[in-house]
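Presented below is the structure to which this report refers.
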Amino acid sequence: MKRSTFTFAQLMQLPLFESLGKALAVGLSMIRVNVVSPGTIRTDFNWEGAEQEKREKAYEAYKELCVPGRAGHAEEIGQNVLYL
């Protein structure tokens, strides 16, 4: 599967955001700091112009790489963020 530069750049930012969240949680101990790192989410945002078959292949390949065994949905992330 060919990966795009945009996806690679996003991947490189994940550890930065997680480290920033931990640093803020320690440095701002008087307030709560939450970091949401949902993984792959089924949206049309990154797939402009791509065929549906290509999208489905990518999501199928992702199933084998993640613990839940599927890509998430934007509504799930929204519900979790609202809960926090």
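The values are calculated or read from the model by the stated rules, or taken from the named source; none is laboratory data. Model, not experiment: these values are computed from the prediction. Cβ sites come from the backbone with ideal geometry, for glycine too, and all protein chains shown count toward neighbours.
State which residue pairs qualify: first residue aromatic (Phe, Trp, Tyr) and inside the stretch 25-48, second residue surrounded by 13 or more Cβ atoms within 10 Å (Cβ to Cβ) in any location, beta carbons under 6 Å apart, and separation of 6 or more residues or different chains.
Listed pairs, sorted by first residue: Trp47/Arg55.
Any idea which residue in the stretch 28-49 is modelled with the highest pLDDT, counting only those that are under 10 Å from the mean Cα position of the chain (by Cα) and exposed (fewer than 13 other Cβ atoms within 10 Å of the Cβ)?
Val36
Within the stretch 11-24, does at least one residue satisfy the condition of being of a type in the set (S, T, N, Q), more than 22 Å from Glu75 (Cα to Cα) and modelled with pLDDT under 80?
Scanning the stretch 11-24 turns up at least one residue that is of a type in the set (S, T, N, Q), more than 22 Å from Glu75 (Cα to Cα) and modelled with pLDDT under 80.
Give the stretch 50-84 a look and list any residue that's at negative phi, in a loop (DSSP other than H, G, I, E, B) and either surrounded by 10 or more Cβ atoms within 10 Å (Cβ to Cβ) or not acidic (Asp, Glu) (or both), or say none.
Selection gives Ala50, Leu65, Cys66, Val67, Pro68, Arg70, Ala71, Leu84.
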